[in-house]
1. I'd like the FRET efficiency for Asp90 and Lys246, computed as 1/(1 + (r/R0)^6) with the beta carbon distance as r and R0 of 30 Å, rounded to 0.05.
2. Which angle between 0 and 90 degrees, to the nearest 10, do you get for helix 76-88 versus the longest principal axis of the chain when only C-alpha atoms count?
3. Kindly work out what percent of the DSSP beta bridges joining two residues of region 169-293 are antiparallel, to the nearest 5.
4. What does region 61-122 give for Rg and for Dmax, in Å, if only its C-alpha atoms count?
5. Would you tell me the accessible area of Arg130, worked out with a 1.4 angstrom probe on the heavy atoms of the protein chains, in Å² to the nearest 10?
6. For the chain, with all protein chains present and a 1.4 Å probe, just round the carbon and sulfur fraction of the accessible area to a whole percent.
7. Taking the Cα centre of region 202-244 as origin and charging only Cβ (+1 Lys, Arg; -1 Asp, Glu), how large is the dipole, in debye to the nearest 20?
8. Among Ser153, Phe123, Gln98, whose Cα lies farthest out toward the positive end of the dipole of the chain, if unit charges sit on the beta carbon of Lys, Arg (+1) and Asp, Glu (-1)?
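The values are calculated or read from the model by the stated rules, or taken from the named source; none is laboratory data. Here the structure is a predicted model, which means the values were calculated and not measured. We place every Cβ from the backbone using ideal geometry, glycine too, and count neighbours over all the protein chains shown. Note: accessible area is taken over every heavy atom of the protein model, side chains too, but ligands, DNA and RNA are not part of it. Shrake-Rupley method; radii C 1.70, N 1.55, O 1.52, S 1.80 Å.
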Amino acid sequence: MSAKILSGTEIAKVIRAELKEEIAELKEKHGLTPGLAVALVGEDPASQVYVRNKVKTCEKLGVKSIEERLPADTPESDLLSLIDRWNKDDEVHGILVQLPLPEHIDEEKVLLAIRPDKDVDGFHPTNVGRLLIGNPDFLPCTPHGCQQILLRSGIETEGAEVVVVGRSNIVGKPVAAILLQKAKGANATVTICHTRTKDMAAHTRKADILIVAAGKPKVITADMVKEGAVVIDVGVHRIGKTESGKDKLCGDVDFDSVKEKASAITPVPGGVGPMTITMLMMNTVRAAKMRIE
Ligand code: BQF
């Protein structure tokens with residue numbers, strides 16, 4: 001039996017329709033247009049695609065977007081000044097600095113400069129801390145997207161054995177924190193595996209829900225997955241071009257073999273990726289709403 005395909009594209013469509021209505025209502029009732037400011041430093045091709053994707057989605061939903069492209073050799077102080085200007089701008093509800101940043105810029109310093117109540121990526125230490133305590137304003141977009149896929153596909157997380165592969169600050173650690181929460185759509189028993197884990201497969205084979213954010217193409221193979229497990233693949237890797245000249249993508253999971261063993265699996269593309277963008281829109285709407293209250 002082949003696994004059910006969990007389409008992030010389809011779930012994202014439903015959520016975006018909900019958001020679009022909410023945004024229209026904000027405009028009618030409060031004269032408020034949510035605004036997102038995005039900074040891109042340098043010319044990394046993947047980052048350019050991601051930023052274009054985010055700005056395009058803003059346009060579709062009626063969110064005002066401001067895009068600032070800075071050269072790769074921009075001094076750190078210039079980026080900090082830009083953030084400071086956006087921090088004070090009432091039309092900017094959300095601020096996003098596209099990662100990764102060039103070597104000479106201190107990422108931690110930049111994330112710390114963003115006002116926590118405009119931090120729609122959820123990377124500011126205040127928001128990281130709030131998540132860990134269980135009182136978050138903004139959930140980080142990719143981890144929140146993973147949770148929403150599970151929730152909206154009717155997959156029970158309560159008491160489930162969740163194994164996360166990867167311990168990054170952007171995905172691994174926060175997705176573990178989210179599913180660990182004492183809350184609906186969470187309450188899981190969570191294990192985090194990483195590069196120093198002794199017997200990775202011994203852990204992954206116990207997972208009812210396996211979330212893979214290893215950052216390496218196709219590292220999870222069928223022998224590492226329990227029969228009937230739910231597999232969420234966070235990886236995005238470019239592996240050449242399609243016939244039409246588009247980037248060909250694959251995930252961290254060997255989809256073709258794992259889909260024969262899992263009960264449900266997210267594809268790449270069209271899985272977690274579209275949900276990430278949608279959760280960014282959700283956070284931007286939330287940031288705008290926080291201004292009314
Ligand atoms: C899809 C990202 C690594 C490092 C920095 C849709 C995206 C990707 C794939 C996307 C990502 C990955 C983003 C698909 C944003 C996800 O259809 O499968 C959307 O735009 N992403 C990012 O902003 O920074 C990254 C991955």
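1. 0.15
2. Taking the Cα atoms of the chain, the angle to 76-88 is about 70 degrees.
3. 30
4. Spelled out, the Cα radius of gyration and Dmax of region 61-122 are 11.6, 35 Å.
5. 80
6. Carbon with sulfur: 52 percent of the solvent-accessible area.
7. Its charge dipole is roughly 180 debye.
8. Ser153
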